[in-house]
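K.L.:
Structure below; questions to follow.
FYI, it's all coordinate maths here, none of it is from the lab. Not measured: the values here are computed from a predicted model. Cβ placement follows ideal geometry from the backbone for every residue including glycine, while neighbour counts extend to all protein chains displayed.
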Number of protein chains: 2
Amino acid sequence: MPSKAPIGFCGLGAMGMGMATHLVKTGHQVKGFDLYRPSLQRFEAAGGTPSPSLLNSAVDMPFYIVMVATAVQAQSALFGTAEGGDEGIVHKLPQNAVLLLCSTVPASYAVSVERELKEIGRGDIFFIDSPVSGGAFRAADGTLSIMAGGATAALEKGMWLLEAMSAPKKLFVVEGGIGAGSNMKMAHQVLAAIQILVTGEAYGFAARLGLDAESVRKEIVEGEAWSWMVEDRGRRVIAGLDAWRPGVSALTIILKDTSIITSSARLCNFPVPMASAAEQVYFSGLSQGFGSEDDAGMVRLYYPGPVADVKCTVDKEAKAAKLKLVVNMLIGIYVCATAESIAFAQRVNLPLDQLHELAVDAAGGSHVFREVGAQMIKGLKGDASAWSGLGKRLEDVTQGLSEAASEAQNLKCPAFLTNTALSMLMLAKRTADKDASAATAVKVWKS
Amino acid sequence: MPSKAPIGFCGLGAMGMGMATHLVKTGHQVKGFDLYRPSLQRFEAAGGTPSPSLLNSAVDMPFYIVMVATAVQAQSALFGTAEGGDEGIVHKLPQNAVLLLCSTVPASYAVSVERELKEIGRGDIFFIDSPVSGGAFRAADGTLSIMAGGATAALEKGMWLLEAMSAPKKLFVVEGGIGAGSNMKMAHQVLAAIQILVTGEAYGFAARLGLDAESVRKEIVEGEAWSWMVEDRGRRVIAGLDAWRPGVSALTIILKDTSIITSSARLCNFPVPMASAAEQVYFSGLSQGFGSEDDAGMVRLYYPGPVADVKCTVDKEAKAAKLKLVVNMLIGIYVCATAESIAFAQRVNLPLDQLHELAVDAAGGSHVFREVGAQMIKGLKGDASAWSGLGKRLEDVTQGLSEAASEAQNLKCPAFLTNTALSMLMLAKRTADKDASAATAVKVWKS
């Protein structure tokens, strides 16, 4: 392992800065570049070597990490913008360099990078498709989740670097070569995209029900409706405006990932009604000027005032019934998010057990994903016992969601995800037995 | 025919005022009541007899018309609010009176009125469930569409009055007794609810594409993407703010009808993803304070500025391609609206040919409903030739809609109905042949 080999790096945003400075802290020489000057200065202050230009950051670097925000930016950084020009990193990297693309991009884009490298005679570069997950704190800690795909030789040469940035059990080498890592990230983001928005939908609904936000939070965090996202975003939903400007994760970030899901799904004629509904609501938030603010601020599309100001005035029994409606809303949506993620993963030939192992302890995790998701995977693998008997019943989940939808309607509360999920569960019930498990919902998505 | 028999009337809103004054103009003695004083004065000025109270308007009236806004208002007017009291119209109506409930209400509510009349010993009243459609102008003209259900004897006694308010070929007696008229109205409103919102979605998308609104309008009105709603609402979308305050048809009106659709659908476990998506967007409009304004103002949720201000700057060919995207968006959504309306009508046992005859020339009409709708009905009746060969192909409609969805995404334009429809068409393709007709889409909804 060339443990202290110099590393080139471009894209010193919230995630990239954490990753690059972590590598510096662990003794690596990292030359970083970003178009935004203040980021370069911060990087220098943290012990990094600021690069005077994008191209310079690649010269003589046996290892290089791209962590820009989008595929468009990656294309420009890698290959340059001018037609047939040589203004990209790949034109400067030394022979047999290892190149990690850590941005979240469509798998089809990662594949196109591999092809273009060959076309321009840089097939010598060891290219790895390795998107990351975990947020800025874990980036700076070197404990990210990483989903890596690529040729065996490339993965071998880059392994020490992938390990340096990820937590011990959070580095997932995904079989399938270039594109597999990006597809795995995408399947995970199906959960993230839906469960970020459901936080707003659930807390907004709860506020209209007259529930105080702290009781809602307790009910969710301690009960069956727990998910990583709703716990995480729930804090900032309650904290309100001050926590959203600038916030921790901008709406535009999850919107970008959501658009990767829906555009990739369109290309393979795969329906993703849940992620698609979420995307349209995110676009609405963007239209209202919330793009640069924290995605927790999406709660404003469901409830206008601060949810923290709501005081619960009903008795214990009535309150428990209202909390149950919120829990049922969440459970129904989680079941559909889980089904959409797993069925889409199967469609793009991902190893489902690996997706489950990865997501269950990551930002997409939920109790429902753990249990119902495992059951769906069992069923998709041919074990018919998954479609009945065990665990939650489709009938009960649908009924609970239907009651939540009905009450949201009474309160004139928009409930995009709730109603999309309800339509899908009703379709699932069409072909399901009376005692069908909630896992059977995945059959509606499955091609 | 008791042609000049006196008529009691309650609910002098936009529709009710037109209906009541039309009856006055044609020589009937009409005693009308409304809680809103200025309406009573306007009614008197138009030659009507204002009633000093709700109950007084029913005394000695052999015919009575209820045209209040909601089922809740109807219940209060008919039976009074106090438990076991006698503060409702039905307690004052003379023996064997004919009672027309013309409000748009859930069929289940109309059925409950029939039951309650019997329970309180007023089974002598000839009750007719007869919602209307056509707008305030046609109400004042006596040329409404009316969907009437009830016992044969009641329909016979009330026929002259139904005829007095409707156009010659627009009075539809729906088989199935009380509730059938309301169900027919509901099935029609599935088209209306979706096609009012699609006007905003299409014009908003077109504006983001850089198309001038007049070209869009011409393309829609003269081409295959025509629908009554998009033509009608399109005018007011283009006219802008001045046409929305107060406007012709308030957002709250179509929202009320949409909620009847989705709540009735929930009760019979029938998925209505299109109407449901529309309802959530309407709730968003309501949250933004647009409830009392014209529903054409929903375009603001898709494009912030006045669409009439957009100037098209691209060449003829590029413009034609952009217009085609808008047309494809509309066609795809019409196909799904048509499928949802017809499949739901079948679910509640409505005569499908009658729905087609009624809606094709009413506010729910579109070229797609005329052609693809007729084909769906043929197929549902067992003629398998409807599922292939003829007319539009499922593959083409899906492809066109997918391209529109892709471009809307590029433009960051919310496209709720587009994406809901796309998911449904993708599900339809799962079980369809390569050359399947667009009509096969109905199979996804069909239970």
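K.L.:
Pop a pseudo-label 7 angstrom from the Cα along the beta-carbon direction at both B:Asp361 and A:Lys169 and give the gap in nm to one decimal.
P.N.:
7.1 nm
K.L.:
Let me ask you something else. Between beta-carbons, use under 13 Å as the cut-off and find the net charge around A:Leu40, counting Lys and Arg +1, Asp and Glu -1. Could you put the intermediate results ahead of the total?
P.N.:
Values: positive: A:Lys31, A:Arg37, A:Arg42; negative: A:Asp34, A:Glu44.
Charge balance in the 13 Å sphere: +1.
K.L.:
Any chance you could check the Cα centroid distance between region A:222-300 and region A:1-44 for me, in angstrom?
P.N.:
Cα centroid of region A:222-300 versus Cα centroid of region A:1-44: 28 Å apart.
K.L.:
Under the definition of Cα pairs under 8 Å and six or more residues apart, what whole-number percent is the relative contact order of region B:7-178? Provide the component values of the computation, followed by the final result.
P.N.:
Numbers: 356 pairs, mean separation 34.8, N = 172.
Relative contact order here is 20 percent.
K.L.:
Using the Cα centre of region B:7-178 as origin and beta-carbon charges of +1 (Lys, Arg) and -1 (Asp, Glu), tell me which of B:Phe127, B:Val68, B:His22 is placed farthest towards the positive end of the dipole.
P.N.:
Ranked along the dipole, the leading option is B:His22.
K.L.:
How far, in degrees from 0 to 90, does helix A:228-239 lean away from the longest principal axis of the Cα atoms of chain A, to the nearest 10?
P.N.:
That works out to roughly 80 degrees.
K.L.:
Sticking with this one: So how tilted is helix B:180-208 from the main axis of chain B? Cα-based, degrees 0 to 90, rounded to 10.
P.N.:
40 degrees
K.L.:
Report the relative contact order of region B:184-445, percent, no decimals, based on alpha-carbon pairs under 8 angstrom and at least 6 residues apart.
P.N.:
Values: 439 pairs, mean separation 73.6, N = 262.
In percent, rounded to a whole number, it is 28.
K.L.:
Of the DSSP beta bridges with both residues in the protein assembly as shown, give the percent that are antiparallel, rounding to the nearest 5. If you can, show how the numbers build up before the last one.
P.N.:
On the way: 16 of 60 bridges.
Counting only bridges with both partners in the protein assembly as shown, antiparallel ones make up about 25 percent.
K.L.:
Modelling each spin label as a point 7 Å along the Cα-to-Cβ direction, I'd like the B:Asp435/A:Gln41 distance in nm, to one decimal.
P.N.:
7.0 nm
K.L.:
Could you run the Karplus curve 6.51 cos²θ - 1.76 cosθ + 1.60 with θ = phi - 60° over region B:400-405 and give me ³J(HN,Hα) per residue in whole Hz, x for Gly and Pro?
P.N.:
Going residue by residue, I get x, 5, 5, 5, 5, 4 Hz, with x marking Gly and Pro.
K.L.:
Then there is this: Below 12 angstrom from the Cβ of A:Arg235, what's the summed charge of the other residues (Lys, Arg +1; Asp, Glu -1)?
P.N.:
Computed value for this residue: -1.
K.L.:
Which shape class, rounded, prolate or oblate, goes with region A:184-445 when its Cα gyration tensor gives a ≥ b ≥ c as root eigenvalues, a/c under 1.5 marks rounded, and past that a/b bigger than b/c marks prolate? Write down the numbers at each step before the final one.
P.N.:
Values: a/c = 1.83, a/b = 1.25, b/c = 1.46.
Oblate is the answer for region A:184-445, as a/c is 1.5 or above yet b/c matches or exceeds a/b.
K.L.:
Taking each label point as 7 Å beyond Cα in the direction of the beta carbon, state the distances from A:Pro304 to the same residue in the other copies, shortest first, in nm.
P.N.:
Those separations, rounded to one decimal, come out as 1.9 nm.
K.L.:
Now for a different question. Which FRET efficiency value, to the nearest 0.05, is calculated for B:Phe137 and B:Ser108 with the Förster distance at 22 angstrom and r the Cβ-Cβ distance?
P.N.:
Numbers: r = 31 Å, r/R0 = 1.39.
Result of the calculation: an efficiency of 0.10.
K.L.:
Here is a further query. When Lys and Arg each count +1 and Asp and Glu each count -1, what net charge do the other residues less than 13 Å away from B:Arg393, Cβ to Cβ, add up to? Before the final figure, lay out the partial values.
P.N.:
Details: positive: B:Lys392, B:Lys429, B:Lys434; negative: B:Glu371, B:Glu395, B:Asp396, B:Asp433, B:Asp435.
Summing Lys/Arg as +1 and Asp/Glu as -1 gives -2.
K.L.:
So which lysines pass the test for A:Lys118, namely a Cα distance under 27 Å, with those fewer than 8 places away in the same chain ruled out?
P.N.:
A:Lys31, A:Lys92, A:Lys157, A:Lys185
K.L.:
Another question, then. Which lysines have a Cα lying under 24 Å from the Cα of A:Lys311, excluding residues fewer than 8 positions away in the same chain?
P.N.:
Qualifying lysines at Cα under 24 Å: A:Lys218, A:Lys319, A:Lys322, A:Lys324, A:Lys412.
K.L.:
Averaged across the residues of B:257-266, what count of C-beta atoms belonging to other chains lies within 10 Å of each residue's C-beta?
P.N.:
Details: counts 0, 1, 3, 0, 0, 6, 4, 0, 3, 9.
Taking the mean over all residues of the peptide, I get 3.
K.L.:
Here's another thing I want to ask about it. Distances from B:Asp361 to the same position in the other copies: list them in nm, one decimal, shortest first, using label points 7 Å from Cα along Cα→Cβ.
P.N.:
From this label point to the equivalent ones elsewhere in the assembly: 7.0 nm.
K.L.:
Defining a contact as two alpha carbons under 8 Å apart and six or more residues distant in sequence, what relative contact order in percent does chain A show?
P.N.:
For chain A, the relative contact order is 13 percent.
K.L.:
Related question: Mind checking the angle between helix A:213-222 and chain A's longest principal axis? C-alpha axes, 0 to 90 degrees, to the nearest 10.
P.N.:
It is inclined by approximately 80 degrees.
K.L.:
Could you run the Karplus curve 6.51 cos²θ - 1.76 cosθ + 1.60 with θ = phi - 60° over region A:365-373 and give me ³J(HN,Hα) per residue in whole Hz, x for Gly and Pro?
P.N.:
For region A:365-373, the Karplus-derived couplings read x, 7, 4, 5, 4, 4, 7, 5, x Hz, x marking Gly and Pro.
K.L.:
Where in region A:300-330 is the amide nitrogen less than 12 Å from a point lying 7 Å along the Cα-to-Cβ axis of A:Gln288?
P.N.:
Answer for this model: A:300-306.
K.L.:
Sticking with this structure for a sec: Run down the aspartates and glutamates and flag those whose C-alpha is under 14 Å from the C-alpha of A:Lys169, throwing out any fewer than 8 positions away in its chain.
P.N.:
A:Glu357, A:Asp361
K.L.:
So, one more: Taking every residue in B:296-305, how many Cβ atoms of other protein chains lie within 10 Å of its Cβ, on average? Can you show the working numbers first?
P.N.:
Numbers: counts 0, 0, 0, 0, 1, 4, 3, 1, 3, 0.
Counting Cβ atoms of other protein chains within 10 Å of each residue's Cβ and averaging gives 1.
K.L.:
Let me ask something additional. Provide a whole-number value for the mean count of partner chain Cβ atoms within 10 Å of the Cβ atoms in peptide A:405-413.
P.N.:
Working: counts 5, 4, 0, 2, 9, 2, 1, 9, 4.
The mean count of partner-chain Cβ atoms within 10 Å per residue comes to 4.
K.L.:
Highest mean first, how do B:298-308, B:39-49 rank when packing is the count of other Cβ atoms within 10 Å averaged over residues? Let's see the in-between values first.
P.N.:
Numbers: B:298-308: 20.7, B:39-49: 16.5.
Top of the packing list down: B:298-308, B:39-49.
K.L.:
What distance in nm lies between label points placed 7 Å from Cα along the C-beta direction at A:Leu390 and A:Thr26?
P.N.:
Going by the 7 Å Cα→Cβ label model, 3.6 nm.
K.L.:
Run the label-point distances for B:Ser108 please: 7 Å along Cα to Cβ, every other copy, nanometres, shortest first.
P.N.:
4.4
K.L.:
Another question, then. Got a sec to turn the phi values of region A:156-168 into Karplus ³J(HN,Hα) couplings, 6.51 cos²θ - 1.76 cosθ + 1.60 with θ = phi - 60°, whole Hz, x for Gly and Pro?
P.N.:
Rounded to whole hertz, the list is 4, 5, x, 4, 4, 6, 4, 5, 5, 9, 10, 6, x.
K.L.:
So, one more: In terms of modelled amide H atoms, which long-range or inter-chain residues lie less than 5 Å from the amide H of B:Ser437?
P.N.:
It is B:Ser388, B:Gly389, B:Leu394, by chain and number.
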